[in-house]
Amino acid sequence: MNIHDLKRLNLANGGYFFTPESMRFHGDTMKNFAIEKLDEDRVRVTRKDRPGAWIFSSKTGRMVWR
């Protein structure tokens with residue numbers, strides 16, 4: 001899975017993390033993000049240029065808290 005796959009899953013499942021409005025508000029572009037697989041069900045998204053990390057479900061593309 002790459003960051004673009006995660007974006008498609010997130011938007012398809014009602015997420016707002018990768019919407020153009022949200023990304024513009026936070027000053028992000030898709031190039032700012034790196035993705036790392038944690039296990040079968042989760043990936044970590046980090047910013048390359050400043051602090052920030054989030055855990056997403058690799059099945060739904062939505063943020064998870066565990």
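Please treat every number below as a calculation from the coordinates, not as lab data. Keep in mind that this is a model prediction, so the values were computed, not measured. For neighbour counting, all protein chains shown are included, and Cβ atoms are generated from backbone atoms with ideal geometry for every residue, glycine included.
Below is a table of values for the structure above.
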quantity	calculated
Chymotrypsin sites (Phe, Trp or Tyr not before Pro) lying in DSSP loop within the range 1-60, provided at most 15 other Cβ fall within 10 Å	TYR16
Modelled label reach - PHE25, point 7 Å along Cα→Cβ, the range 40-66 residues with backbone N closer than 16 Å	63
Karplus 3J(HN,Hα) series, Hz, for the range 56-61 with 6.51 cos²θ - 1.76 cosθ + 1.60 (x for Gly, Pro)	10, 6, 7, 8, 10, x
Extension gain from LEU38 to ALA12, taking 0.36 nm per residue of separation minus the Cα-Cα distance	7.2 nm
For the chain, calculated [θ]222 nm from helices alone, where every DSSP H run of n ≥ 4 adds -39500 (n - 2.57)	-7000 deg cm²/dmol
Filtered GluC sites (Glu not before Pro), the chain: DSSP coil and at most 12 other beta carbons within 10 Å	GLU40
